[in-house]
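Working notes for the structure below.
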Amino acid sequence: MSKHSKIMAEQLIKEIGGAENIEALENCMTRVRITVIESAKVHIENIKKMENVLGVIFESDYLQVIVGPGKAQTVTTQMKEILEIDTRDEAMIRKENANRANNVWYKLILKRIASIFVPIIPAFIACGLIVTIYESTYVYYPGFKETSFGVIMGTVAYSIFSILPIIVGFNTAKEFGGTPVLGAIIGFILSSGGLAGAEIFSVTIVPGRGGVISVLIIVYVATLLEKNLRKRIPNSLDLFLTPFLTISVMTVVGLAVFQPLGGIISESIGSMVSFIIYQVPYLAGIASLIYLPLVVSGMHHGLIAVNTQLVQDFGVTYLLPVTAMAGAGQVGASIGVYIKTKSKRLKRTIKNGLPVGMLGIGEPLLWGVTIPLGKPFLASCLGGAIGGSAMAMMGVAAKVPELGGIPLGFITTGFPLYFVGLLIAYTSGFFLCILLGFEDPID
């Protein structure tokens, strides 16, 4: 831990009102998240002026200090060491804080869906990169697929997609309070090739229909069933009857009712995205236009499931490169602000936020620059929309369901074209910011 992180941690504790005013403490990728006891004791303006603070969000008793990736964890760890906080029960505290800070049912559902898919992202990135290398290799060396190394690489490249229903089933059950291994078993059953052509209540089974959407729905219902069974079945029989009834009932009901329903939802999403990309790609920018407002509201989490389903169905998602341009538009707008502003504090915020923004982590620029200034936020959305439409018109697709910025370009179907779209979004956001202007803050 750096000495600077310790100094920042000590200063934060002081400006929050001291150790006695902190109820809970945690961090995400870019923010230090603090639940305070008395809001009046928090010196918000002083925190905003602290070096390396990129933005501050304060709602009721819930304080979020945006410091960027890496710093968020080191500063939080230092604060915990100073405060001697026991972190064993923080998972429960985190849920309670989230409920208090943003107790809107649909946002909470989307965040829980994100919690199911976020742990899978590293595997998607790793396998996606290997897929890109593998496919590039056999294009230039046709016999590569038949070599021993080619067989091994191909197996590794597509491994995540083979076991995805099992992982999603496991994570869904875990997230909603069920037994994870039962969720994994249900995920396997739904995708089992051995069921192909079988019928249940006159419904022909199509293994894997509806993909992760079907798994999400069925395992969620299975979790509700399991919880209710545990309340009613005597303890002496619970170990045997509850898992038996959960698996048995949900296999039948899932295959007969919920998997066809998930299939309809999945196929509708695929058809809509395909129609826009192939018929009216210039309208795809609408998705980029509304993406940053979705981030502000927390509703962007639901797109992880949509992109995952698209990758599972088609091998790629055209939606992700389009929405990724929203962050690129914000980078361009922030550069415009940097050039025009006379505020040293704002320049410092932008200087710290731009590198991570270009890597696809836009929160520091969002909360530290564009949202507070207003018009640059509009320029970001419009610039992203122009870049998103360009990306769709060029037909660029991603092989992973969640990534952004420059890194995403290396896992797309159109490596050079992606960076053309990125440049268009940067440039559009920049010039729109210059055109719209903004009220320069006084330090």
Checked pairs for segment 420-432, first farther than 18 Å from Leu378 by Cβ, second outside any helix (DSSP H, G or I) and of a type in the set (A, V, I, L, M, F, W, C), C-beta under 8 Å and 6 or more apart or across chains, list as Val420/Met394; Gly421/Met394; Gly421/Val396
Of all the residues that make up segment 194-216, how many are touching a strand residue (DSSP E or B) at 6+ places or on another chain (Cβ under 8 Å) and open to solvent by 50 Å² or more (accessible area, probe 1.4 Å)? 1
Phe144 meets each of (1) more than 20 Å from Ser191 (Cβ to Cβ); (2) exposed (fewer than 15 other Cβ atoms within 10 Å of the Cβ); (3) not small (Gly, Ala, Ser) with one exception, condition (2)
Restricting attention to segment 217-241, and to residues there that are among the hydroxyl-bearing types (Ser, Thr, Tyr) and closer than 11 Å to Gly178 by Cα, which single residue is least open to solvent (accessible area, probe 1.4 Å)? Thr223
Inspect all residues belonging to segment 401-411 and state whether any of them is more than 22 Å from the chain's Cα centre (by Cα), open to solvent by 50 Å² or more (accessible area, probe 1.4 Å) and of a type in the set (D, E, K, R). no
Can you confirm whether segment 172-190 contains a residue that is farther than 30 Å from Ser248 by Cα and free of Cβ contacts under 8 Å to residues at least 24 places away in the same chain? no
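Only helices (runs of 4 or more DSSP H) wholly contained in segment 294-371 count here; list those with 2 or more residues that are in contact with a His (Cβ under 6 Å, 6 or more places away or on another chain) and open to solvent by 30 Å² or more (accessible area, probe 1.4 Å).
Once the helices (runs of 4 or more DSSP H) in segment 294-371 are filtered for at least 2 residues that are in contact with a His (Cβ under 6 Å, 6 or more places away or on another chain) and open to solvent by 30 Å² or more (accessible area, probe 1.4 Å), nothing remains.
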Say whether the condition of being among the hydroxyl-bearing types (Ser, Thr, Tyr), closer than 24 Å to Lys14 by Cα, open to solvent by less than 90 Å² (accessible area, probe 1.4 Å) and at pLDDT 85 or above is met by at least one residue in segment 75-95. yes
Return yes or no: is Val280 β-branched (Val, Ile, Thr) and buried (at least 17 other Cβ atoms within 10 Å of the Cβ)? no
Among the residues of segment 31-59, write down those that are outside any loop (DSSP other than H, G, I, E, B), polar (S, T, N, Q) and closer than 30 Å to Pro119 by Cα. Thr35
Tell me, which helices (runs of 4 or more DSSP H) lie completely within segment 104-212 with 3 or more residues that are within 23 Å of Ser266 (Cβ to Cβ)? 105-117, 121-140, 159-175, 180-191
When the residues of segment 14-30 are filtered to those that are open to solvent by less than 20 Å² (accessible area, probe 1.4 Å) and within 27 Å of the chain's Cα centre (by Cα), which remaining residue is nearest to Val118 (Cα to Cα)? Thr30
Looking only at segment 31-47, filter to residues that are under 19 Å from the mean Cα position of the chain (by Cα) and modelled with pLDDT of 85 or more; which one of those is most open to solvent (accessible area, probe 1.4 Å)? Arg33
Restricting to segment 149-175, and then to whatever is more than 28 Å from Ile109 (Cα to Cα) and open to solvent by 60 Å² or more (accessible area, probe 1.4 Å), can you tell me which residue is nearest to the chain's Cα centre (by Cα)? Tyr158
Quick check on my filter: what residues within segment 177-195 are under 20 Å from Gln309 (Cα atoms) and not β-branched (Val, Ile, Thr)? Gly183, Ala184, Gly187, Phe188, Leu190, Ser191, Ser192, Gly193
Checking Glu20 against (1) charged (D, E, K, R); (2) out of contact with any Lys or Arg (no Cβ under 6 Å at 6 or more places or on another chain); (3) in contact (Cβ under 8 Å) with a residue 60 or more places away in the chain: exactly one of these is not met. Which one? (3)
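The values are calculated or read from the model by the stated rules, or taken from the named source; none is laboratory data. Remember, it's a predicted structure, so these values are computed and weren't measured experimentally. Every residue, glycine among them, receives a Cβ derived from its backbone with ideal geometry; neighbour counts consider all protein chains shown. With ligands, DNA and RNA removed, areas are computed over all heavy atoms of the protein, side chains included. Shrake-Rupley method; radii C 1.70, N 1.55, O 1.52, S 1.80 Å.
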